[in-house]
Amino acid sequence: MSILVTGASGAIGSLVVQGLARQGAPVKALVRQTGKATLPAGVTEVVADMTDIPSMRSALSGVRTLFLLNAVTPDEVTQGLQTLSLAREAGIERIVYLSVIHADEFTDVPHFTGKHTIERMIERLDLPVTVLRPVYFMQNDQQVKSVIEGYGVYPMPIGDAGVSMIDTRDLADVAVVELLRRDAASGPLPREVLDVVGPDALSGTSAAETWSRVLQREIRYGGDDLAAFEAQLAQAMPSWMAYDMRLMMARIQQQGMKPAAGTVQRLEALLGRPLRRYEDLVKELVGAR
């Protein structure tokens, strides 16, 4: 019996596959195209598509534990609900689902509400699932490194309410711990929900100040202009997705992304080490010592 990781070629899924493989777990990596992902030794590639039921039935055969990550797509809800139903059909009782923090609150953001709908299925049917609710990824800012260095502006319009950004490596490590915990259990464990956050609540201004310290020159915050943000994204992604991201950023500006008291301590106890800090990632990105 193996652990199936969906989204195995993506930023998070690939890290989860690597983490499980390092622990010697039997891993199947689900991809939509053969050869799409470079897999660690011993990991089995499984080609399937969440929109294709026969291929998913085949992918879930012989699986003991499931990591469910489905991409932001117009049919994300259908893919997630059907995959959970197929997992139940296959008798899988050990699942970790990747949702998002405040999925139940950011109700006008499509991909948040989509994940909340999947969470509702998990709750109503009392499925044996750990729901991971991460915040904004630190590594998102790697995409704007050239803008920061070239123009002296931190352009992500995250506002000043505070975002406890998570390093994707820490998120993947939490997922690996939960997958192995459930996989090792003699039977299905109770449903759990866990916010996955970083140790510092950053604003647009404090993120810019972090880059200023590391680069040793002034970096200013570019402000909260969401129309400009959407227009920039629309050059690289479909318009529906760019608008979805704009709605998300509007909510971040209004409410922030911060956990309940004690969450950081719980995560660090689970990992057995401190969580990575934003400034350390910035130093990595610019090659600073």
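Of the residues making up the range 32-42, none is β-branched (V, I, T) and either within 17 Å of the chain's Cα centre (by Cα) or at pLDDT 95 or above (or both). Here S164 meets each of (1) polar (S, T, N, Q); (2) at pLDDT below 95; (3) surrounded by 17 or more Cβ atoms within 10 Å (Cβ to Cβ) with one exception, condition (2).
As for the range 52-66, it holds no residue that is in a strand (DSSP E or B), free of Cβ contacts under 8 Å to residues at least 24 places away in the same chain, open to solvent by less than 10 Å² (accessible area, probe 1.4 Å) and not hydroxyl-bearing (S, T, Y).
Residue pairs whose Cβ atoms lie under 9 Å apart, separated by 6 or more positions or on different chains, with the first residue in the range 83-101 and within 13 Å of I118 (Cβ to Cβ) and the second open to solvent by 20 Å² or more (accessible area, probe 1.4 Å) and small (G, A, S), are L98/G7. Among the residues of the range 1-42, not one is of a type in the set (A, V, I, L, M, F, W, C), more than 22 Å from N140 (Cβ to Cβ), open to solvent by 50 Å² or more (accessible area, probe 1.4 Å) and not in a loop (DSSP other than H, G, I, E, B). Filtering the range 191-198 for residues that are of a type in the set (V, I, T), open to solvent by 60 Å² or more (accessible area, probe 1.4 Å), touching a residue at least 12 places away in the same chain (Cβ under 8 Å) and in contact with an Asp or Glu (Cβ under 7 Å, 6 or more places away or on another chain) leaves an empty set. Selection of the range 262-276 for residues being within 17 Å of the chain's Cα centre (by Cα) and open to solvent by 70 Å² or more (accessible area, probe 1.4 Å) yields only R276. Residue count for the range 99-145 under the criterion of being among the hydroxyl-bearing types (S, T, Y) and either in contact with a His (Cβ under 6 Å, 6 or more places away or on another chain) or outside any loop (DSSP other than H, G, I, E, B) (or both): the result is 3. Residue count for the range 225-261 satisfying the condition of being part of a loop (DSSP other than H, G, I, E, B) and surrounded by 16 or more Cβ atoms within 10 Å (Cβ to Cβ): 4.
Yes/no matrix, rows are residues, columns are (1) among the aromatic types (F, W, Y); (2) more than 11 Å from the chain's Cα centre (by Cα); (3) within 25 Å of S203 (Cβ to Cβ):
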| position | (1), (2), (3) |
| --- | --- |
| L98 | no, no, no |
| F106 | yes, yes, yes |
| T117 | no, yes, no |
| E123 | no, yes, no |
| D141 | no, yes, yes |
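The values are calculated or read from the model by the stated rules, or taken from the named source; none is laboratory data. These figures come from a predicted structure and were not determined experimentally. All Cβ positions, even for glycine, are placed from backbone atoms using ideal geometry, and neighbour counts span all protein chains on display. Accessible surface is based on the protein model in full, side chains and every heavy atom, while ligands, DNA and RNA are left aside. Shrake-Rupley method; radii C 1.70, N 1.55, O 1.52, S 1.80 Å.
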